[in-house]
1. Being part of a loop (DSSP other than H, G, I, E, B) and either of a type in the set (Ser, Thr, Tyr) or at pLDDT 75 or above (or both) is the filter here, so list the residues in the range 23-43 that pass it.
2. Among all residue pairs at least 6 apart or on different chains, which show Cβ distances below 6 Å where the first residue, located in the range 19-39, is free of Cβ contacts under 8 Å to residues at least 12 places away in the same chain and the second is part of a strand (DSSP E or B) and of a type in the set (Phe, Trp, Tyr)?
3. Considering the range 49-67 alone, what residues qualify as being at pLDDT below 75 and aliphatic (A, V, I, L, M)?
4. Output the number of the condition that ILE46 fails; it satisfies all remaining conditions of (1) modelled with pLDDT of 75 or more; (2) out of contact with any Asp or Glu (no Cβ under 9 Å at 6 or more places or on another chain); (3) of a type in the set (Val, Ile, Thr).
Amino acid sequence: MPSLVVPPTDFYTRNTSITWWEQVERRNQRLWRLNAYNDIAHLQGIGAVESVRWEDIHPASPVPTEE
């Protein structure tokens, strides 16, 4: 199959997730860090009386080996 042609595809997805990657520099190397996998943060606030204040949400502190 030629690589310049989009192959025919079919997706029947019942569930999806959000996967969040971030490119970071550590020890003079560019690395990809997986920040969130299969999380449900995008579902927070559905049906809630008060909406989620996304600007107040922060990731957990890195473990000592990540610093």
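The values are calculated or read from the model by the stated rules, or taken from the named source; none is laboratory data. All values derive from a computational prediction rather than experimental measurement. Using ideal geometry, Cβ is built from the backbone for each residue, glycine included, and neighbour counts are taken over all protein chains shown.
1. First, pick out the residues of the range 23-43 that are part of a loop (DSSP other than H, G, I, E, B): 27-28, 40.
Residues satisfying the conditions are ARG27, ASN28.
2. GLN23/TRP32; TRP32/TRP21
3. Of everything in the range 49-67, those that are at pLDDT below 75 and aliphatic (A, V, I, L, M) turn out to be VAL52, ILE57, ALA60, VAL63.
4. (1)
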